[in-house]
Amino acid sequence: MQNLLTFRKLFWLCSFILTLASCKDDQIDQASGSLSLLSYNVAGLPQSISSSDPEKYMSLISPSLNDFDVVHVQEDFCYHDSLLLYLDLPYRSEPTPCIGSGLNSFSKYPIKDFERVAWTDCTLADCFSLKGFSYSKIEVAKDIYIDFYNVHCNAGSSEESKAARRKNLEQLITYMQVHSPSNVIVIMGDFNNKYIREGDSIRAFLDLGFTDAWIELIRQDDIPQMNNIPLEDCYPISTSISCEGVDKLLYRSNDEMKLKAISFQYGDDNRFFFEGNDTLPLSDHEPLMVQMSFDFNRK
């Protein structure tokens, strides 16, 4: 009888342990949620050559970043301490010297395997900084990661600048094919690319199965023609969210995790990224804000 009681205790103990393990596996194998994402070129070149006013504005940008889960900034060159002044997001990339890549990431979730890669091709003033892209894995739920890329491409409209920019995207795609061959990916940043501009190659990502959140949500999947003709009512001044900007967000799901862009905002109708909340923009670029959902199911 004693042996039978001992056996039953062991049986129920093992059953309890297996149940706990099963619950833990279910937590890992199934997860869903939403992410608020911000890509922002903060115009942090030295004050004398910046097209904004970073000495004044960078500390004003700082608290506005806290409303987002993942933030990628470009041109975070010489005023990084001011950008961090009111930042509460706990996970941050290591800063670079002024003038480095200007690429930094801040996140509510753990950032892992962070790496910056400089472009191999550049033209004119772009060669004085280490423009390029950064790669990171961000853990959006327990043991569940999204590969994030933060991009700042070569600028300029000359044929030489366009050629360098095409090489930039070729370099990025090659890197992704090695480091994120089948992973879920979000690419954000200042691409200096436009779908309408002949010589730009942003369409290459669509051919690789990526979705552009602007085309999906604002254009209703209508890709602009490549004809060098500005979209209606978008030149010389961009008048609405329907106008194409060079700051973009593209994403790709896989069999285990489905991403979906829920909302897209380019510019700030609430004047959140403006001086005094209603006067001058805090950068020479508009903030790009995207809300996304994710649904992970390993089974």
For I262, the residues 5 or more places away or on another chain with a placed amide H closer than 5 Å to its own amide H are Q291, M292, S293
³J(HN,Hα), Karplus 6.51/-1.76/1.60, whole Hz, each residue of the range 50-60, x for Gly, Pro = 6, 8, 10, 9, x, 4, 8, 8, 4, 6, 7
Local electrostatic count, E198, Cβ distance below 15 Å [Lys/Arg +1, Asp/Glu -1] = +2
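Taking other Cβ within 10 Å of each residue's Cβ, how do L282, L124, L45 sort, fewest first?
Numbers: L282 24, L124 13, L45 21.
Fewest-to-most Cβ neighbours within 10 Å comes out as L124, L45, L282.
Quote the charge dipole size of the range 33-297 about the Cα centre in Debye, to the nearest 20; the model charges only the Cβ of Lys and Arg (+1) and of Asp and Glu (-1).
Values: 21 positive and 40 negative charges, 99 e Å.
I would put it at about 480 debye.
Quick one, can you get me the convex hull of the C-alpha atoms of the chain expressed as volume per residue in Å³? Let's see the in-between values first.
Values: hull volume 47.4 nm³, N = 299.
So the per-residue Cα hull volume is 159 Å³.
Shape verdict for the range 221-299, please, from the Cα gyration tensor: rounded (a/c under 1.5), prolate (a/b greater than b/c) or oblate.
Numbers: a/c = 3.39, a/b = 1.46, b/c = 2.32.
It is oblate, given that a/c is not under 1.5 and a/b is not larger than b/c.
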Quick one: which of K56/K248; K56/K258; K194/K260 span more than 30 angstrom between C-alpha atoms?
-> K56/K258
For the range 67-82, Karplus-derived ³J(HN,Hα) couplings (6.51, -1.76, 1.60; θ = phi - 60°; whole Hz; x for glycine and proline) come out as 7, 10, 7, 9, 10, 10, 10, 10, 6, 8, 8, 10, 10, 4, 4, 5
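Please order R92, R252 by the number of other Cβ within 10 Å, starting at the fewest.
On the way: R92 16, R252 19.
In increasing order of surrounding Cβ atoms, one gets R92, R252.
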By how many degrees, between 0 and 90 and to the nearest 10, does the Cα long axis of helix 159-179 differ from the longest principal axis of the chain?
-> 10
In order through the range 98-105: 3J(HN,Hα) via Karplus (6.51 cos²θ - 1.76 cosθ + 1.60), integer Hz, x for Gly, Pro | 7, 8, x, 6, x, 9, 9, 10
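Each value in this text was obtained by applying a stated rule to the coordinates, not by laboratory testing. Here the structure is a predicted model, which is why all the values come from computation and not from measurement. Positions of Cβ are backbone-derived with ideal geometry, glycine not excepted, and every protein chain shown enters the neighbour counts.
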